[in-house]
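Remarks on the structure that follows.
FYI, it's all coordinate maths here, none of it is from the lab. Please read all numbers here as calculations on a predicted model, not as lab measurements. So basically every Cβ, Gly included, is an ideal-geometry build from the backbone, and we count neighbours across all protein chains shown.
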Amino acid sequence: MRRLLVSILLVLIAPAVWASSQSGVVAAMKGKITIIRDDVEINAQSAQPIFLNDTIVTDKGARLQILLRDQSTFSVGENARITIDEFVYQPKEKTGSVAASIGKGAFRFVSGKIAKKNPNNMKVRAGDVVVAVRGTEVIGNVQPDQSNIILLSGAIDVMSLSNDCISGGNAGFEIGPDGDLRMSGAPLA
């Protein structure tokens, strides 16, 4: 009887605990997207919860948008990899911290309430740089041989994790005929 009571309590309590650790949700998607959670691969679906330490991988031709609970958004293109490394959010106070890693691929992020309240509490690692957010919209592309980030609005601090980081240049992004976001040699207009 005692074991049955404990089992019933766990069944009732577990969803509440699990829901409280939810970082966000798959807001929009196209194509095959895989969520790696605790070394288990899950086929993503629209409106699926995203949790701390989830790694999301997009296949060729796939697109994904993640909406975090503080209204931060991450959009990634095909063959991309993003991990939610840290997410703590107190909705009443609009405080917390968020950290994510873009392992590869084209991306865009817009900061939410956490960064608005305290910009130092949001960091995004993109390849070999860390972007500290200041109420921001950024796009970028992480590839094994070269990574790029472009500030669209707001302000950022960028810290290189390697000795090969340079700033400037006139590379921009373009949307290819297949809808693919990729680097171009032409400056943005």
Taking a spot 7 Å from the Cα of Lys60 along the direction of its beta carbon, which residues of segment 99-134 have an amide N less than 18 Å from it? 105-106
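Which pairs in the list Lys60/Lys123; Lys32/Lys123; Lys60/Lys117 are over 30 Å apart, alpha-carbon to alpha-carbon?
Lys60/Lys117
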So, counting K/R as plus one and D/E as minus one, what does the shell of residues with Cβ under 14 Å around Gly103 add up to? -1
If I take R0 = 22 Å and measure r between the Cβ atoms of Glu137 and Val88 in this structure, what FRET efficiency does the formula 1/(1 + (r/R0)^6) give, to the nearest 0.05? 0.45
